[in-house]
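What follows is one structure encoded as structure tokens, with my remarks underneath.
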Amino acid sequence: MIEVTELTKRYGRGHRVRTAVDRLSFTVRPGRVTGFLGPNGAGKSTTLRLVLGLSAPTSGAVTVDGRPFRGRPRGLRHAGALLDAGDAHGGRTGRAHLRALARTNAIPAARVEQVLHEVGLAEAGGRRIGGYSLGMRQRLGIAGALLGDPPVLLFDEPLNGLDPEGVLWVRGLFRRLAAEGRTVFVSSHMMAEMEHTADHLVVVGRGRLIADESLSAFAARAGRGTVTVRAAEPDRLAAVLTAAGATVRPGPDGALAVTGVGATRIGELALEHRLLLHALTPRGASLEEAFMDLTADSVEYPAGEPR
């Protein structure tokens, strides 16, 4: 389990002080995949470094299974992490890189071959890392995280560079690790994939906590659910719904995508105006829609409108 309590990290001095993490508190529990989301500059990578003791907090505390991670000898046995897939010497082979990690953490050499096989790099283990693709480097980084068979695992953007097969493999890996009772904490910008992978979300913006809740609760809180409507007279229905405050987008197949008015109200309006409905299908907001809604005020570098 990872426990973050009133964690703050500032950089700089005087009027140049920048707060990267601001009184952040949350708990990452075992047995589920927790997604860590936020706009660029939200403080996600800084938080992960603070969890692993790679940076010291300005104030607050963070523990891994009840203790600060920095004070743990043989750290890979307690927590494994992939923070940067490029953080491996290009002149070494993948096997040599993992063997060095194993020696410094008193991990048997046989474990190196096990994780190389698990991540699909058994045949590439003898090749120099400098010749690896980004996807292969990601797999090597995941192998390093798994090396000590730890109860806590942290991954920062683990899907970058992976092909579709690799993405499916990572999704299954994370779910299996969580099912084994491990703590799995995953930072990613790939919303569609997080929607299929995460059970719980921690969302931050400008270093502060925005949400700490289940994926379904987060999506529901955005309030941007869409109702797909098929009607005998779609143009008339669209006019009625628009007058009632809804936003209506006609689809190429004749269906209407309606937001701003719920399915029950759509049915009532159709009955009131004697409009025949063929189908009325509510759909909750996607994770991406919810994320954009709830982090809109926390984007540090918003893109300008096209000219």
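The values are calculated or read from the model by the stated rules, or taken from the named source; none is laboratory data. The structure presented is a predicted model; accordingly, all values stated were derived computationally and were not measured. Here Cβ is always computed from backbone atoms with ideal geometry, including for glycine, and neighbour counts include all displayed protein chains.
Here are the numbers for this structure:
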quantity: Scope the range 249-266; condition crowded, with 17+ Cβ neighbours inside 10 Å, part of a loop (DSSP other than H, G, I, E, B) and either among the polar types (S, T, N, Q) or in contact (Cβ under 8 Å) with a residue 24 or more places away in the chain (or both); matching residues; calculated: ALA255, VAL261
quantity: Qualifying positions in the range 83-126 - buried (at least 20 other Cβ atoms within 10 Å of the Cβ), in contact with a Lys or Arg (Cβ under 6 Å, 6 or more places away or on another chain) and not in a helix (DSSP H, G or I); calculated: ALA85, VAL119, LEU121, GLY125
quantity: Flag if SER55 is within 29 Å of HIS189 (Cα to Cα) and in contact (Cβ under 8 Å) with a residue 60 or more places away in the chain; calculated: no
quantity: Number of positions in the range 21-40 that are touching a Ser or Thr at 6+ places or on another chain (Cβ under 9 Å) and at pLDDT below 95; calculated: 3
quantity: Qualifying positions in the range 10-27 - of a type in the set (D, E, K, R) and in contact (Cβ under 8 Å) with a residue 60 or more places away in the chain; calculated: ASP22, ARG23
quantity: Count of the range 10-54 residues which are part of a strand (DSSP E or B) and of a type in the set (Ser, Thr, Tyr); calculated: 5
quantity: Complete set of residues in the range 160-188 that are touching a Gly at 6+ places or on another chain (Cβ under 8 Å), among the aliphatic types (A, V, I, L, M) and at pLDDT below 95; calculated: LEU162
quantity: Subset tally (residues that are small (Gly, Ala, Ser) and either closer than 19 Å to ARG72 by Cβ or touching a His at 6+ places or on another chain (Cβ under 6 Å) (or both)) for the range 126-156; calculated: 3
quantity: Those residues of the range 206-245 which are modelled with pLDDT of 90 or more, within 29 Å of PRO39 (Cα to Cα) and of a type in the set (A, V, I, L, M), in sequence order; calculated: LEU209, ILE210, ALA211
quantity: Residue pairs meeting the criteria (Cβ under 6 Å; at least 6 apart or on separate chains; first assigned by TED's automatic domain parsing to the domain that holds ARG176, in the range 190-209; second assigned to a strand (DSSP E or B) and of a type in the set (Phe, Trp, Tyr)); calculated: VAL202/PHE26; VAL202/PHE36
quantity: Residue check for ARG137: without any contact (Cβ under 8 Å) to a residue 60 or more places away in the chain and outside any loop (DSSP other than H, G, I, E, B); calculated: yes
quantity: Residue that is surrounded by the most Cβ atoms within 10 Å (Cβ to Cβ) [pool: residues in the range 55-71 that are at pLDDT 95 or above and in a strand (DSSP E or B)]; calculated: VAL64
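Each row is one residue, and each column tells you yes or no for (1) of a type in the set (D, E, K, R); (2) crowded, with 16+ Cβ neighbours inside 10 Å; (3) without any contact (Cβ under 8 Å) to a residue 24 or more places away in the chain.
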{"residue": "VAL33", "(1), (2), (3)": "no, yes, no"}
{"residue": "LEU37", "(1), (2), (3)": "no, yes, no"}
{"residue": "GLY41", "(1), (2), (3)": "no, yes, no"}
{"residue": "PRO73", "(1), (2), (3)": "no, no, yes"}
{"residue": "ARG77", "(1), (2), (3)": "yes, yes, no"}
